[in-house]
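Quick notes on the structure that follows.
Laboratory data are not the source of any read-out in this text; all were calculated from the coordinates shown. Quantities reported herein were computed from a predicted structural model and do not represent experimental measurements. Backbone-built Cβ (ideal geometry, glycine too); neighbour counts: all protein chains shown.
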Amino acid sequence: MRAAVLKSLDEPFAIADVPAPEMRTGEVIVDVVAAPVLSYANEVFNGARRYPIELPIIPGCGAIGRVRTSGPDATHLKVGDWVFCDPTVRSRDDALMPDIVLQGWSARGDGGLRLQRYYHDGPFGEQVRVPTENAVRIGDIEPERASRWCALTVMLVPYGGLLAASFQAGETLLVSGATGNFGSACVAVALAMGAGCVVAPGRNERVLADLERRFGERVRTVRISGNEEEDRERMRQAAPGAIDCVLDLLPPSAPTTAVRAALMAVRPYGRVVLMGGVGMLGGEGLDLPYPWLMRNDITVRGKWMCSPDAVPRMAALIRSGLLSLDHIDVQTFSLDQANEAVRHAAANAGPFKMTVIQPRSAPTG
Ligand SMILES: NC(=O)c1ccc[n+]([C@@H]2O[C@H](COP(=O)([O-])OP(=O)(O)OC[C@H]3O[C@@H](n4cnc5c(N)ncnc54)[C@H](OP(=O)(O)O)[C@@H]3O)[C@@H](O)[C@H]2O)c1
């Protein structure tokens, strides 16, 4: 099969003929129809993000495709079913503390690396081999909509955080990093889940105005200045009442003061979920006041990716029309154009923009 192979962090992909993956017990082979290229993929592939990936690798992070072959442990999947290839692969030999690898993308700790050696290659190829439980049916879709469904990779991240925080319809959410790629997806997902109000802070006024235009009155934007106390007060003032939950999705370049400005705007007994990349490349600690946490009964938790059940739940939100894929601006590339796709993704980062590689010739859309 054809695939984009990353052989060295100093070189672009080689587009090459490689052996097709072979299915073993507990696995599914998927024909990849569309695979998203995240805006910071260039920083992962050139080593700037210091993600632990062993080379050579066929990278990628999640995909939409059709089942080519499944094994006897699959009791529902049929050949041709449309599936989302969930990149979050968990080891199966520790129910309490599974190791995690993001297939084709990243890993956590030594166990994650061991798992990565087996579930190594991602979806920047014509076929991908995934654990059976990671080929999640999304129902019938029109082939030309496959690239749009790649938005699952982005939207599932904040959805995972919102489910982890038991976010409820009617509640007020503050999204730290709301003007970013994942942050803006969080705004859309929270509204689809019935958020009463989403407070959206940011510095980019054009994007703030765009969020208001897209989502109307349930979104309250806040222009932040970089002054921690002042910004926190502005966020509190923007909300119609107490802020029930804060979800942070700031990137590694943002300072911890920006995280803390948002985080400490939460109400007493409130919940905070940390999902961003802050601190991944070093920098100051978060330094939260012990008495503030204790006296206010605050819950702070981290979340990486989402639980397996989040995928069918989100597919249902999309299929019901509660969460729309139509406002996403998609640019597609063929496999031969994989290097161009990575450059395009970096140059066109931002809310509701998506770059997609289509390894097989399918209609765009
Ligand atoms: N936990 C997980 O499972 C998971 C999964 C995927 C990704 N992530 C993390 O999510 C992070 C965000 O990714 P992304 O692609 O959405 O990033 P992005 O698009 O670059 O997000 C930029 C956001 O950060 C804000 N920002 C940047 N520097 C800032 C500063 N100095 N002060 C205040 N705000 C600042 C921007 O605000 P303005 O533009 O308005 O200034 C914008 O809202 C990634 O870096 C990754 O580490 C986590």
Taking the Cβ of each residue in Ile318, Ile15 as the centre, tally the other Cβ atoms inside 10 Å and list the residues starting with the fewest.
Ile15, Ile318
Gyration tensor (alpha-carbon) shape descriptor, region 157-302, a/c threshold 1.5
rounded
³J(HN,Hα) computed for each position of region 227-233 - Karplus, 6.51 cos²θ - 1.76 cosθ + 1.60, integer Hz, glycine/proline x:
8, 4, 5, 4, 5, 4, 5
Ordered by fewest other Cβ atoms within 10 Å, a rough proxy for footprinting exposure, Leu55, Leu191, Leu174 read Leu55, Leu191, Leu174
Using a 10 Å cut-off around each Cβ, can you sort Leu38, Leu293 from fewest to most neighbouring Cβ atoms?
Leu293, Leu38
What is the set of long-range amide H partners of Thr221 at a cut-off below 5 Å, with H atoms built 1.01 Å from backbone N?
Ala200
Roughly how many debye, to the nearest 20, is the charge dipole of the chain about its Cα centre, given +1 on each Lys and Arg Cβ, -1 on each Asp and Glu Cβ, and no other charges?
460 debye
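Compare the peptides 239-248, 116-125 by average per-residue count of other Cβ atoms within 10 angstrom and give them in order, highest first.
116-125, 239-248
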Between region 123-199 and region 1-33, what is the separation of their alpha carbon centroids in Å?
25 Å
Given the convex hull over the Cα atoms of the chain, what projected area results after averaging over all orientations, in nm²?
17.4 nm²
When only C-alpha pairs under 8 Å and at least 6 residues apart count, what is the relative contact order of the chain, in percent?
20 percent
Using the Karplus curve 6.51 cos²θ - 1.76 cosθ + 1.60 with θ = phi - 60°, what ³J(HN,Hα) values do you get for each residue of region 46-61, in whole Hz, with x for Gly and Pro?
9, x, 4, 7, 6, 6, x, 10, 9, 9, x, 8, 8, x, x, 8
Find the centroid of the Cα atoms in region 240-292 and in region 94-122, then give the distance between the two in whole Å.
27 Å
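Quick one: which of 335-345, 137-147 comes out on top by average Cβ neighbours within 10 Å, and what's the full order, highest first?
Sorting 335-345, 137-147 by mean packing, highest first, produces 335-345, 137-147.
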Give me a comma-separated list of calculated 3J(HN,Hα) values for region 255-272, in order, Karplus coefficients 6.51, -1.76, 1.60 applied at θ = phi - 60°, integers in Hz, x for any Gly or Pro.
x, 5, 4, 5, 5, 5, 4, 7, 4, 7, 7, 5, 6, x, 6, x, 10, 10
Let me check against my output: what whole-number percent is the relative contact order of region 157-302, with C-alpha pairs under 8 Å and at least 6 apart?
22 percent
Have a look at the DSSP beta bridges in region 157-302 and tell me what percent are antiparallel, nearest 5.
0 percent
Quick check: from the Cα gyration tensor, does region 42-180 come out rounded (a/c under 1.5), prolate or oblate?
rounded
